[in-house]
Structures are given as C-alpha cells and as structure tokens.
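The values are calculated or read from the model by the stated rules, or taken from the named source; none is laboratory data. Predicted model only: the values in this text are computed from it and were never measured. Heads up, the Cβs are rebuilt from the backbone with ideal geometry, glycines too, and the neighbour counts pull from every protein chain shown. Accessible surface areas use protein heavy atoms only, side chains included; no ligands, DNA or RNA. Shrake-Rupley method; radii C 1.70, N 1.55, O 1.52, S 1.80 Å.
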Amino acid sequence: MELAIKLIVGLPLLGFLIVGMFGRNLGDRASQIITTGFLMISALLSWIVFVDVAFGGNVYPVTLFNWVTSGDFTFDWALYVDTLTAVMLVVVTSVSALVHLYSTSYMDEDPHIPRFFAYLSLFTFAMLMLVTSDNLVQMFFGWEGVGLASYLLIGFWYKKPSANAAAIKAFVVNRVGDFGFALGIYACFMLFGTVEFSGIFPNVAEHKDATLNFLGADYNAITVICVLLFIGAMGKSAQMGLHTWLPDAMEGPTPVSALIHAATMVTAGVFLVARFSPLFDFSPDALYMVTIVGATTAFFAATVGLVQNDIKRVIAYSTCSQLGYMFIALGVGAYGGAIFHLFTHAFFKALLFLGAGSVIHAMHHEQDMRKMGGLWKKIPFTAAVMFIGNLAITGSPFLAGYYSKDLIIEAAYASHGSGAGYAFFMAVAAALMTSFYSWRLWFMTFIGDSRADQHTFDHAHEGPWMMKVPLALLALGAIFSGYLFKGGFIGDDRVGFWNGALVTKMGDVMTEAHHVPGLVIALPGIMMLIGAAIAAYFYARKTDLPQRTAQTFSGMYAFFLNKWYFDELFDLIFVRPAFWVGRLFWKRGDEQTIDAFGPDGVSSAVAAIAARARKLQTGYVYHYAFAMIIGLAGFVTWFMTGAAGL
C-alpha cells in the first residue's frame, strides 16, 4: 500500500517533468497520453487506498527522507494517509484524470498543448502534496505550489491582457491569506515546539489555556492560531473579502475552471480547517468566525449568481456559495458534513463546469447566455447531464446534494453554537437562490428559441467521446455519491469511518441534525421547488419578465450585477493608494532623490566637468604653447617662493 501511495503522488509529478521538459519533442498526442495515463493510474490507486483506509480502518505514515534538522528541530518529508487524506486523494485524482481526458479534445486546437498538460499535472501534484502532508511546512509547500500552478493556468492564454490581469489578481489576493497561514505556522511552532501534526494534535488540551501576548494584550493562543489558519483558508477558498480573484479565474481555459473549482485550489481551505479540527474544537470564538464568514459568503455569492450572464461566472459564484456551506458545517462542528459536501460537490460542480465547456465548444467560444437558447435540440447529451448536475446542486431527493447540503442546513439548526441561527437563515435563503440561478442557467441555455446568430446555432454540435465520457462519469457521481457514502461520512458509521481523522463522536451535532423538526428537513426541498418554479416562469414562460424586473429594481440589480462593488471598493481602498505610494517612491524617492544624488548625479557632474575640460582642446598650437608658458611660470613662481621660505 505504501508503494501505491508513493505512486499516487509521484505519477503526476513525473508526468509534469517529462512533458514539461520534453513536450516539444514528444508532440501533442504523446504529451496528452503520458499525463492523462499517469493521472488515471493515480486515480485508480486512490480508490483502492480509499477503500483500504476508510473501510479497513488503516492509517499509513510513509516517510520519504529527512528534510530539516536544526538542533532539536527536525522533521521529515513524509506522506500521511488517514481517512481525510484518502477522501481528498479520491476527489483530486478522479476529477483531475477526467479533466485531463476532457482536455485532450477540448484543447485540441491550442498551439501549446504540452505546456497546458504539464501545468495540469503540476497543479494536481501540488494539491496532492498539500493533502498528504504530515507537517505544516510540507503543507505550506503544497499550498504555495497550488498558488503557483493556478497562476500559470489562469494566465495560460498569456497574450490576453485580461488573462494576465486575472492571474496576477489571483496570485496577489492569495498572498494576503497565505500571510495569515504563515503566521499561524509560526504561532503553532511557538506554542507546541513542533510543526508535525503528531506533535500538535495530541497536546492541544494541555495548551488550551495558554496565551499569546500581542501589543500588550493577552489572547488565547489556540484561538489566535485558528484565526490565522482560517485567514489562510479564506484566501484559497475564496470566502467573502478574499473572494475577488475567483470569478476572474474564469479567464483560464474551462477545464482549468473545473479543476480549480471542483477538486483542487478552492477546497484547500476547507481541508485545512478540517485537518485542524482538534484545534478549532477548543476555540468557540474561532468557530464563530468560521460560521459567520461561511454563512455570509453563501448568501453573498448566491445573490451575485442570480444576475450573471456569463455561463462560467454563474457557476463560479455557485462554487463560492457552496464553499460557504462547507464553512458553515465546519463552524457548527459538523466536520464530517463539510467534507461530505466537499466530496459530493466535486462531482456535480466538475460536471457543470465541463458541461459549460461543452456548451462553449458548441457555440464557438460564446459564453454569454443571452446569446444562447434552444440548444437542447443541438446538444441533448450536454443538456441532460447539466440537468442532472442542477438536480444535484439544488438538493433534489436522492441525488448527491440532497444528502450533503441538507445535512449542513439541519446541523446549523441543531447547533447551539454562536452564529448558528444566522447561518441557518442564510443557508436557507442561499438554497432558494441556488435553485433559481441554477435553473435560470439551464433554461437560458437550452430552452426556448435560439438567440444566437443563425450560423452559430446551425453548426452547434456535441463534442467527441473524449468530452462525453468524463461528463457521463461525473453525472454518475452526482447521482450516486451521496447515497452510497452517507453512512460513512455522516451516518451511524462515521466514528469508525473517520477513525480519528476528524473530531467526531456519536451524540454530536450531526446526531442532533438527524432529529430536527420535519419542517426543517422539508425546508431545503421547499426552497428548491420555489426557486425552480420562479426560474421556469421567468425564463421559459414569461421571457420578458426578467428585463422588466431588472428595470423595476434597477438599484438592486446593479448592486448584484457589480458584485456588491467589492472590486471598486478594494480599488479605492487598496489599489489606488498602493499605486500612489508606488509612484511617490518611484518618482520622488528613486528618481529625484536616490538617482539624482547617486548614480545619475555623479554621472551628470562628471559629464559637466568633462564638457568644460573638452573646451581646452582647441587644436591651435599657440593655445597649447600659451598654456605651457602659463604652467611653467606658475611652477617657477611656486619654486622660488618655496625656496625663499615665503
């Protein structure tokens, strides 16, 4: 099993190295076969490891080599696979393998295929390093690797200024969160004297009353660490305030969007908080912060998704909202529920993104839903699988989201923690909006008369089998993943299933969630039906109603359409002052001070002296003779006065 774990992590790295260095010589098809083949092997091995670990009760620490030794401070480069890691291995490798397969067709006309597939494999490797780490430094390595790979993939089409700007924005915004994560690592080392999880988690209870002094005030050390780690999670998982990079990430190719939003980067923050559930469980204040931020994000992103017209941006804001649900679950102590929703969400969100890619492929790269309509006649398979994806994300009975998302809403109701009531209200409201914007997308894209130009509509067609197979497999995951695994993730078997990987016990909030009033259980389903009915009425029956509603509520419509003006606000508060300070130091500091009195000033002085000295070189002999006589007279005068003792 240890060999399988090493191969799971190593094969994507090997694919990246081979194709990254020799891709031009290998050619497009060989690059696709190597990277996709390696990922498929990795995915198959991940499922084997998952069954062995989650249902066999095993845990595998795999030491590769000693990494750091500095006095008493030492730790290894090691892989640690428990149930939480095994779940993430399945999610990351399965979705990545399907994205690789899908991309072999979707990116077929791109001139830089080897580079694209090398970057995809690098992205997968970095995420695998993050989730298999057994210490904070190794996790930070994977954390930053994911950030680097996302920068490369979002800006893959580097000739587009918008893609470059989006890549830089993602990189910079994530650095804010990463700074908090780094401080959390330092604080952990200060408190526990180690960065290894095996030295941190068993010793949390004895440090529960420890304090850290900051600016003359004492704060609970566990709470400080948890808040700092959560700030890191907010950046990667695009929680409100550090979310602005996520919609702009749509500038990358659609398979990249599916990988980022379903399986890799955005789930890293959820994984981080879940991994540190032994610490968070000792900090009600930190859990309160997680709950409030998650609930607010779920509501905020859903409101923005209501009015977006770019098919990928609707799904992007859906991701942001669903991540809010996961943090609600973490905040109220339903850690298994959060990871269960992460697990099911990976299937239906990858399905929706790759389905959107199929639509864009059919429409010759058109992404505006206002220029679509009636596509079910042209691409019925895509329409069907996206219909399944919508059923799953909106919580239709017996599909994936029905078991995971509804559990989160019920847990928020059952929880007695601070902020749980607020989270319940926001989650229910977000469920209504999720149903509306999901079915709005489907109706605008597939139902009614075509709004595209006739040539584009006439030539719309399904993609080849390499695009259909991943969609079909993800559709199966969206249908069955919730029902098949609910017993282990959130049911009566969860204590044995998690086997200490998360803080979970019988009688906790997830037990209480199964005994809430019937109305609470029915409420998500009611919201789903209301949202779907409104969307059908607006976009399938009274198609002029959306425009009239937008005009009637123009202020609110503009507020949602402009994403609550976060970009404009951040531009005013951070970007413009930063540019002003930069220009000040550049013009006044660098050019007018340092350069003026430094290298530029010295060179100017030398040039001025040289210009004057140059005037002495006239070319006339009598000028030189006159200068020599003056010099000789001066020398004789000096000599005579010196000899006379004057």
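Taking the Cα of R451, stepping 7 Å toward and past its beta carbon, and measuring to each backbone N in the range 531-556: which are under 12 Å?
Inside the label zone: 539-540, 543-548.
Label S604 and D218 with points 7 Å out from Cα along Cα→Cβ: what is the distance between them in nm?
5.9 nm
F75: net charge of surrounding residues, Cβ under 14 Å, Lys/Arg +1, Asp/Glu -1, itself excluded?
So the surrounding residues net to -4.
When the chain is fully extended, how far beyond the present Cα-Cα distance does L148 get from W47, taking 0.36 nm per residue of separation?
33.6 nm
At 0.36 nm per residue, minus the direct Cα-Cα distance, what do A611 and D492 gain on full extension? Give it in nm, one decimal, please.
Contour length minus the Cα-Cα distance gives 33.7 nm.
Which trypsin sites (Lys or Arg not before Pro) from the range 518-627 combine a DSSP loop assignment with at most 16 other Cβ atoms within 10 Å?
Taking the range 518-627 and a limit of 16 other Cβ atoms within 10 Å, the loop trypsin sites (Lys or Arg not before Pro) found are K542, K615.
Using only alpha carbon pairs under 8 Å that are at least six residues apart, calculate the relative contact order of the range 230-329 and give it in whole percent.
The value is 35 percent.
Add +1 for every Lys or Arg and -1 for every Asp or Glu among the other residues with Cβ under 13 Å from the Cβ of M528, and state the total.
0
Find me the longest stretch of the chain that has none of the exposed chymotrypsin sites (Phe, Trp or Tyr not before Pro), where exposed means in a DSSP loop (not H, G, I, E or B) with at most 14 other Cβ atoms within 10 Å.
Within the chain, the longest run free of exposed chymotrypsin sites (Phe, Trp or Tyr not before Pro) spans 159-397.
Along Cα→Cβ, 7 Å out, is where each label goes; now give me the distance between the ones at T641 and Y557 in nm to one decimal.
With each label placed 7 Å out from Cα toward Cβ, I get 9.4 nm.
Which loop trypsin sites (Lys or Arg not before Pro) in the range 152-204, with loop taken from DSSP, have no more than 11 other Cβ atoms within 10 angstrom of their Cβ?
Taking the range 152-204 and a limit of 11 other Cβ atoms within 10 Å, the loop trypsin sites (Lys or Arg not before Pro) found are K159.
Where in the range 98-132 does the amide nitrogen come within less than 15 Å of the point 7 Å from the Cα of N25, taken along Cα to Cβ?
none
Which residue, W638, N562, A536, has the largest displacement toward the positive end of the dipole of the range 528-646 when charges sit on each Cβ (Lys, Arg +1; Asp, Glu -1)?
Going by the Cα projections, it comes out as A536.
Mind checking the per residue accessible area of the chain for me, 1.4 Å probe, whole number of Å²?
Here the residues of the chain average 42 Å² of exposed surface.
In the chain, carbon and sulfur make up what percent of the accessible area (probe 1.4 Å)?
67 percent
When the chain is fully extended, how far beyond the present Cα-Cα distance does V621 get from I33, taking 0.36 nm per residue of separation?
203.4 nm
Identify the residues of the range 134-159 with backbone N under 19 Å of a label point that sits 7 angstrom from the Cα of V59 along the Cα-to-Cβ direction, or state none.
Answer for this model: 134-139.
With unit charges on the beta carbon (Lys/Arg positive, Asp/Glu negative), name the residue among T552, Y483, T456 whose Cα is farthest towards the positive pole of the charge dipole of the range 437-564.
The one lying farthest along the dipole's positive direction is T552.
If I model a spin label at F480 and D368 as a point 7 Å from the Cα along the Cα→Cβ vector, what separation in nanometres do I get?
About 4.2 nm, to one decimal.
So what is the relative contact order of the chain, in percent, for Cα pairs below 8 Å that sit 6 or more residues apart?
Computed over the chain, the figure is 12 percent.
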